[in-house]
C-alpha cells in the first residue's frame, strides 16, 4: 500500500545518523532533528520527541547502530562488554516501552560475537532496517484487513497516537482509514485528541 503524504518520514536512517520528526513541536511546527549520538537518542526517547511503540522501537534499534559508530570513532572495541551497557541505557530511556527493549535486544542478538567492529555495525544496521521494514509491512496489513472488517463505515474516530507518527509506516489504527481511502471510500475522521503530547482536548 502506498500513501502520498507530504511530510518527512517519522523516523529514518540517513547516511550515518537517525532523523526523526520532533513530535514535541507538533502541530504548530514540523521539524526534523538529527540523532547522532547515544545521548541524542536517549534524550529524544525520554522527552517524547519520538512517540508510539513501533517508532520508539525503531529509534532504539537505530540507537544501537549509533552506539557502535561512537565506539568505533573512539577507537574502542565493539564487543558485548562495551556495547551492552550503552544499549541498556537506550533500552532504559523509556522503561515502560516494551517495543524499545524488544528492538534493542533483537539488534544485539543479531550481532556475531566473534565479528569485527565493521561486521557488527553492518549486522546492527541491517537488523534495525529489518525492524522498520517489518513494521511498515504490519501497518499495511492492518490497513488492508481492518478496512475489510468495516466495509460500510464512513465516519470513524481515532484516539491515541496510532497513526503515521507512531510507526515507520502508515500507522496501526489509522492505517485502517488509509486502507479505506485506498479502496476509494470517502471517510470522515474525528480525532479526539490535540497534538501527540496531549492525551485529550481540554
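Considering segment 131-143, the residues that are more than 12 Å from the chain's Cα centre (by Cα) and surrounded by fewer than 16 Cβ atoms within 10 Å (Cβ to Cβ) include one that is farthest from residue 182 (Cα to Cα), namely 137. Scoring residue 113 on the criteria (1) modelled with pLDDT of 95 or more; (2) more than 17 Å from residue 45 (Cβ to Cβ) leaves a single failure, condition (1).
Of everything listed in (1) surrounded by fewer than 20 Cβ atoms within 10 Å (Cβ to Cβ); (2) in contact (Cβ under 8 Å) with a residue 60 or more places away in the chain; (3) over 21 Å from residue 172 (Cβ atoms), the single unmet condition for residue 65 is (1). Once segment 151-174 is narrowed to residues that are touching a residue at least 40 places away in the same chain (Cβ under 8 Å) and assigned to a helix (DSSP H, G or I), the residue that is surrounded by the most Cβ atoms within 10 Å (Cβ to Cβ) is 166. A single member of 186, 127, 122 is without any contact (Cβ under 8 Å) to a residue 40 or more places away in the chain, outside any strand (DSSP E or B) and under 20 Å from residue 14 (Cα atoms), and it is 122. For residue 54, are the conditions met, namely being surrounded by fewer than 17 Cβ atoms within 10 Å (Cβ to Cβ) and either closer than 17 Å to residue 166 by Cβ or at pLDDT 95 or above (or both)? Judged against the criteria, residue 54 is not a match.
The values are calculated or read from the model by the stated rules, or taken from the named source; none is laboratory data. Remember, it's a predicted structure, so these values are computed and weren't measured experimentally. We place every Cβ from the backbone using ideal geometry, glycine too, and count neighbours over all the protein chains shown.
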